[in-house]
Number of protein chains: 2
Amino acid sequence: MKYTKATNYALHMIVYMIEHAQSGNLSLHTLADHFNVSATYLSKILTQLVKADLIESTSGANGGYALRKKMEDISYMDVIKATEGTGSLFECKFQEGSKCLIQNVMAEAENLMETYLRDKKLYEVAKIQIGKGKSF
Amino acid sequence: MKYTKATNYALHMIVYMIEHAQSGNLSLHTLADHFNVSATYLSKILTQLVKADLIESTSGANGGYALRKKMEDISYMDVIKATEGTGSLFECKFQEGSKCLIQNVMAEAENLMETYLRDKKLYEVAKIQIGKGKSF
DNA sequence: ATATTAAAGACTTTATTTATCTATAATAAT
DNA sequence: ATTATTATAGATAAATAAAGTCTTTAATAT
Ligand code: SF4
Ligand code: SF4
C-alpha cells in the first residue's frame, strides 16, 4: 500500500500553481516541461483536479490551468481524494455488507489521518518554498 | 492506494488463532480450509507473520501455527507491518534524500493512523466474536 | 522409514499504475 | 473563416505490483 505517483504529481501541481497564482493560466506544456514529466499523463491528473473543482481549465490560446478554489483552502486531502479516489483504504471483499469491528477500527484509523490532512493546507508549503526555487 | 488482500487474510488469521489459542497448533490445511482460501498463498502470509514473530510454526505431524506473542499485545499495526512492509505510504521518487515539508506532513498523518493502530489490539475483536460464529 | 507438516523458489496469472498515441473539442488570434 | 493553441477523451501499450499455483526441500513426530 503506497500512495500513487499520480498523487505526488498532483500535490506538486497545486503547490506550483499556488506559487504562480499571479501568472495567469499555466499550460500543460509549461507544467510538463517544468516538472519534466509526460505531458499526456500529467494531463489526466490535471483533469482529475479539474473534476474535483480544485483548479479550472480553459482551452485555446492563452488557456491552461488556474486555481479555482481559494488557495488557502486547498488541503492535502482534497488533492489525495482527487487522485486516489474516495473509497476506504481497507475494504473487505468477503462480507461486504456487514460492518464489522475490524472494518470499524481500520476506518477510524483512516479517519485520524484524513482529519489531519484535511486540516493541512498546501498553501503552507508553497509560502515557504517561494524564494527557495524549484520544489521538484 | 488500498490495503492488500494479504493484510485482510493476516488479520483474520490472527483473530482466529486468538479464538483457538487453546486448541494447540493449527495447520495450514485447517486454516486454508476454514477460510476457504488458497493454501500455498496463505502459507506465504503465515510465514510473514512468523518472521514478524507474531506466531510460530512447527513442522511435522501435529505441527502447524500457534501464537507466539502474548495475544493481548498483538496490535493491528503489528500485523499490517508484517504484510505491508515498513516503508512510508508516501515516498517521493524525485529527491529522495531531502526531507521536505510535503513528506513531513504526509509522514505525520501516517503517524496518527499508526499510533492508533498500534494501540488497538486484535484481542478485542476476538473476544466479541467468540460465540458469534465464524468471522470470515 | 513413513507420513505430516512448513518454507522456499520459480513461475503464472491478474490487476493496477503509468505512459503513449490519436482524435476531438474549445477558444483566441489573425 | 482559417489557423494556431490549448484541453479532453478514448483506446491502447508497457511497466509494475499483487495474487495465486506448482514443485521441491527441510523438519519432525509416529
Ligand atoms: S518537494 Fe518533497 S515531495 Fe516534492 S520532489 Fe521535493 S522531496 Fe519530493
Ligand atoms: S469480520 Fe469484517 S473484515 Fe472480516 S470477513 Fe467479516 S466483514 Fe470482512
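Overview of values
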read-out	value
Breaking point among (1) in a helix (DSSP H, G or I); (2) within 14 Å of DNA strand D (Cβ to nearest atom), for B:Thr86	(1)
Selection count, the stretch B:7-36, where residues are farther than 20 Å from B:Glu124 by Cα, within 10 Å of chain A (Cβ to nearest Cβ) and surrounded by 17 or more Cβ atoms within 10 Å (Cβ to Cβ)	1
Test: residue in the stretch A:122-132 that is farther than 22 Å from A:Ala21 by Cβ, more than 7 Å from every other protein chain (Cβ to nearest Cβ) and either at pLDDT 80 or above or in contact with a helix residue (DSSP H, G or I) (Cβ under 9 Å, 6 or more places away or on another chain) (or both)	no
Residue that is farthest from B:Arg118 (Cα to Cα) [pool: residues in the stretch A:67-108 that are open to solvent by less than 70 Å² (accessible area, probe 1.4 Å), facing chain B (nearest Cβ under 7 Å) and of a type in the set (A, V, I, L, M, F, W, C)]	A:Cys92
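Condition check ((1) among the basic types (Lys, Arg); (2) assigned to a loop (DSSP other than H, G, I, E, B)) across all residues:
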position: B:Val37; (1), (2): no, yes
position: B:Leu46; (1), (2): no, no
position: B:Leu49; (1), (2): no, no
position: B:Lys69; (1), (2): yes, yes
position: B:Ile102; (1), (2): no, no
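The values are calculated or read from the model by the stated rules, or taken from the named source; none is laboratory data. A quick note: this is a predicted structure, and the numbers were derived from the prediction, not measured. Virtual Cβ from ideal backbone geometry, glycine too; neighbours counted across all protein chains shown. Please note that ligands, DNA and RNA were not included when accessible areas were found on the heavy atoms of the full protein model with its side chains. Shrake-Rupley method; radii C 1.70, N 1.55, O 1.52, S 1.80 Å.
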